[in-house]
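Right, one structure below, let's go through it.
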Amino acid sequence: MLRWLPAECEQGECWQVEGDFGCLDVKLLENTQYTQLVEIKRHVEASQYIDTPKVVVRVYHDAKLAEVLTSRQIYRLRAVYDYPNIRMYHRDEKYQVNAFLEELLKIDNHARVICQSAS
């Protein structure tokens, strides 16, 4: 993920990362010395049955780590959930959402930034 995050980027900037298997829209929400907060969306064909996959991720540059903070309707992820619970989250919901991020980022081995713009 770090290879297509621009080193010098301003808060609010947007860009696309395109690969053989898809395209991601990325928006920088917050930029600090050691971390970035980014919103990532994946292009899918318009459908009444499928929402556009979207996650908000905190990237820790010093640790070379990315963590999903929100994913669609889940706004605060806990490490572990009791089961059953009122929202029917899995016990390992946080793990599953981070695994989803891994799948979301698999657009190809040679992804490239194709457009960068301020918004």
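The values are calculated or read from the model by the stated rules, or taken from the named source; none is laboratory data. Quantities reported herein were computed from a predicted structural model and do not represent experimental measurements. All Cβ positions, glycine included, derive from the backbone under ideal geometry; neighbour counts span all protein chains shown.
What to note about this one:
- Yes/no for GLN73 being at pLDDT below 85 and of a type outside the set (D, E, K, R): yes
- Among the conditions (1) within 22 Å of ALA99 (Cβ to Cβ); (2) loosely packed, with under 10 Cβ neighbours inside 10 Å; (3) at pLDDT 80 or above, GLN36 misses just one, which is (2).
- If you go through segment 1-26 and pick out every residue that is under 13 Å from the mean Cα position of the chain (by Cα), at pLDDT 80 or above and either within 15 Å of VAL68 (Cβ to Cβ) or part of a loop (DSSP other than H, G, I, E, B) (or both), you end up with 2.
- Checklist (1) assigned to a strand (DSSP E or B); (2) free of Cβ contacts under 8 Å to residues at least 24 places away in the same chain; (3) closer than 22 Å to GLN96 by Cα applied to GLU30, failing item: (3)
- Failed criterion for TYR60 (all others in (1) surrounded by fewer than 16 Cβ atoms within 10 Å (Cβ to Cβ); (2) closer than 16 Å to PHE100 by Cβ; (3) in contact (Cβ under 8 Å) with a residue 12 or more places away in the chain hold): (2)
- Reported count of residues in segment 39-64, each being polar (S, T, N, Q) and either assigned to a strand (DSSP E or B) or at pLDDT 90 or above (or both), is 0.
- Selected residue (criterion: farthest from GLN16 (Cα to Cα)) from residues of segment 83-107 that are surrounded by 13 or more Cβ atoms within 10 Å (Cβ to Cβ) and acidic (Asp, Glu): ASP92
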